[in-house]
Amino acid sequence: QVQLVESGGGLVQPGGSLRLSCAASRSIFSIYAMGWYRQAPGKQRDMVAIITSGSRTNYADSVKGRFTISRDNAQNTVYLQMNSLKPEDTAVYYCNAVLSGSGTFSNYWGQGTQVTVSS
């Protein structure tokens with residue numbers, strides 16, 4: 001299992017930047033995949049960006065070119081650099097980890113951090 005703690009959210013003007021951090025309680029080197037999801041009011045939780053243990057990445061079309069996911073294995077931390085923020089990026093952002101073992105996959109979630117992009 002793994003515990004995930006997000007930080008770095010806040011209020012930012014359109015066009016501004018934020019960097020979110022997700023600190024894991026165990027080495028992320030052996031985790032199958034980690035990612036960021038977001039949930040806006042009245043909407044479902046959607047994938048924003050993922051990164052695998054092999055450093056492959058995938059982004060939602062809405063954030064491609066603006067957001068960058070990265071990891072620091074030594075710090076057990078995954079980051080989401082968000083640039084050129086838009087009001088539609090406003091959401092609670094959740095860190096996710098997918099662990100593989102015993103012939104199955106398991107999902108773990110952080111508590112979320114609020115990102116608000118003002119009008």
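The values are calculated or read from the model by the stated rules, or taken from the named source; none is laboratory data. Predicted model, so just to flag it, every value in this text is computed and none were measured. Reconstructed Cβ throughout: ideal geometry from the backbone, glycine too, with neighbour counts over all protein chains shown. Only protein heavy atoms, including side chains, enter the accessible area calculation; ligands, DNA and RNA are left aside. Shrake-Rupley method; radii C 1.70, N 1.55, O 1.52, S 1.80 Å.
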- request: Enumerate the whole-percent occupancy of each 5 Å bin, from 0 to the last occupied one, for all C-alpha pair distances of the chain.
  value: 2, 12, 24, 25, 19, 11, 5, 2, 0, 0
Added length on full extension, which subtracts the Cα-Cα distance from 0.36 nm per residue, Thr52 to Asn107: 18.4 nm
- request: Would you tally the net charge around Ile28, using a Cβ to Cβ cut-off of less than 13 Å, leaving Ile28 out, and scoring K and R as +1, D and E as -1?
  value: +1
message: How much accessible area per residue does the range 25-119 have, counting only protein heavy atoms and a probe of 1.4 Å, in square angstrom?
response: 54 Å²
